[in-house]
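The numbers here are math on the coordinates, done by the rules we state, and not lab data. Computed from a prediction, not measured in an experiment: that's the story for all the values here. When we count neighbours, we look across all protein chains shown, and the Cβ atoms used for this are built from the backbone with ideal geometry, even at glycine.
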Amino acid sequence: MADDLMPDDSEPTDITDITDITDITDTPDPPMTPSLRAAAAFNAYYDLGPMRSLRKLAAQGVYSLASLERWSSSHGWQQEARARHQEEVTAARDAARKEAATLARRRLRNAQLLQEAGLTIMARAQIAEMDDESARKALGDARQMMVEGMRAERLELGEATETIQAILPSQPVGQLSDAELDAYIALLDAADER
């Protein structure tokens, strides 16, 4: 039975003798239906950008102005262009929000890692075995890492990072005497030094 499937060696097999195979590359594309042609024209119209017009599209020579006007009016191209643009804007905003949220999570995680690094330094530091200078430096670095990590975390969460105490004069500055103004300036300078 397997021998039945094998070609007979006495008869040459030539692929050009086969007439029922059609070369698909020679087959023309089926003609575009009017609705497909209108859809393709709309895509070309939309791709012209914000300064699009039917005349500009007709000037490209692919579609007649009369056909474009007919399709535009029957398919509501102006409304469709606005709707598509709004979809693109909404999609871009959503993508930007997702990217911003991802970056915010990354910054928050980095702030937490900075705090953890400071805590690790403090936990592993063997202060009793260090000289004073080394202990101060190790603990100072650890403290700075924790402080900066907490500050970055608060910033990312929208919390206050600094507390400012307002020092107001007893009356408007323009009404202060020279002695009162000097006393107020000294009070502000003292607050800055804290």
Scan region 98-106 and tell me whether some residue there is under 30 Å from L48 (Cα atoms) and assigned to a helix (DSSP H, G or I). yes
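Listed residues E156, E133, E116; which is in contact with a Lys or Arg (Cβ under 7 Å, 6 or more places away or on another chain) and assigned to a helix (DSSP H, G or I)? Steps first, please.
Numbers: E133 fails: in contact with a Lys or Arg (Cβ under 7 Å, 6 or more places away or on another chain); E116 fails: in contact with a Lys or Arg (Cβ under 7 Å, 6 or more places away or on another chain).
Being in contact with a Lys or Arg (Cβ under 7 Å, 6 or more places away or on another chain) and assigned to a helix (DSSP H, G or I) holds for just one of E156, E133, E116, which is E156.
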Right, A128: exposed (fewer than 12 other Cβ atoms within 10 Å of the Cβ) and in a helix (DSSP H, G or I) or not? yes
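Check region 62-85 and report whether any residue there is of a type in the set (K, R), without any contact (Cβ under 8 Å) to a residue 40 or more places away in the chain, farther than 27 Å from S35 by Cβ and in a helix (DSSP H, G or I).
no
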Got at least one residue in region 115-125 being more than 30 Å from G158 (Cα to Cα) and hydrophobic (A, V, I, L, M, F, W, C)? yes
